[in-house]
1. At a 1.4 Å probe, what is the % contribution of carbon and sulfur to the accessible area of segment 44-115?
2. Note down the nm distance, to one decimal, between modelled labels 7 Å out along Cα→Cβ at Thr11 and at Leu111.
3. With the full set of protein chains in place, find how many percent of the accessible area of segment 126-175 is carbon and sulfur; take the probe as 1.4 Å.
4. Scan [x] 70, 30, 30; [y] 78, 40, 28; [z] 53, 39, 37 for the value of Cα extents along the principal axes in Å calculated from this model and give just the label.
5. Loop only per DSSP, at most 12 neighbouring Cβ atoms within 10 Å: give me the chymotrypsin sites (Phe, Trp or Tyr not before Pro) in segment 69-151, ordered by residue number.
6. Thr65 accessible area, nearest 10 Å², 1.4 Å probe?
7. Could you calculate the contour length gain from Asp195 to Thr65, that is, 0.36 nm times the residue separation minus the distance between their Cα atoms, to one decimal place in nm?
8. For His164 paired with Ser34, estimate the spin-label separation in nm (one decimal), with each label point 7 Å from Cα along the Cα-to-Cβ line.
Amino acid sequence: MIEGQDRKPLTRDFFDRPVLDVAQDLLGRTLVRSTPEGPIELRLTEVEAYAGEIDPGSHAFRGRTARNSVMFGPPGHAYVYFTYGMWHCLNLVCGPEGMASGVLLRAGDILTGADLTRKRRLSARNDRELAKGPARLATALDIDRALDGTDAIAHPGAVLAVLHGTPPSRDQVRNGPRTGVGGDGATHPWRFWIDGDPTVSPYRAHAPRRRST
């Protein structure tokens, strides 16, 4: 491994801040996933912020449940949820304990372990698509509900950790509405991405589900 500032682990204090600050600052950081087959490292290129009980788009908007309880816990832990009966998504909890805010990791560039991720992402047409979207990212990194509540602050034996990485300059960061969020949270410009990065997922507005008749 290359030693230096980019290999320095982020501390819990990094995550114990307002969610919008954490979300933007996560861009360019290196997410490390340790697996039995070897490590996978990914540079985060796209994220979304969710502000808990004040945010209609958040799973925690209506309060604590068994599903979202990790969001109310200490910052720096992983919140993993299952969606549409087939996909997992990975979030990092932030803000003070009890506030239930978190950042959805939407996309990234695989730096190490691409051979491991290709086995899980057989439908990817190229390496840029390995983690292009939150469900693809979780699949590529072998993330499921078993990792819900995992401490993502680097420690001996950690299966998840976030390193300093190479953050983009401020003029490279863009923001806009979150993908697929409807209702009162639809226009919040809380999706952040690195401009021009080919691993960033395409924006899709919320499409209400039609009821079958």
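1. On the way: 1550 of 2760 Å².
Carbon and sulfur together cover 56 percent of it.
2. 2.1
3. 46
4. [z]
5. Numbers: sites: Phe72, Tyr79, Tyr81, Phe82, Tyr84, Trp87; in loops: Tyr84.
Filter output for segment 69-151: Tyr84.
6. Solvent-accessible area, nearest 10 Å²: 70 Å².
7. On the way: separation 130, 0.36 × 130 = 46.80 nm, distance 3.60 nm.
Computed gain between Asp195 and Thr65 is 43.2 nm.
8. The modelled label-to-label distance comes out at 2.1 nm.
The values are calculated or read from the model by the stated rules, or taken from the named source; none is laboratory data. For clarity, every value in this text was computed on a predicted model and none was experimentally measured. Reconstructed Cβ throughout: ideal geometry from the backbone, glycine too, with neighbour counts over all protein chains shown. Only protein heavy atoms, including side chains, enter the accessible area calculation; ligands, DNA and RNA are left aside. Shrake-Rupley method; radii C 1.70, N 1.55, O 1.52, S 1.80 Å.
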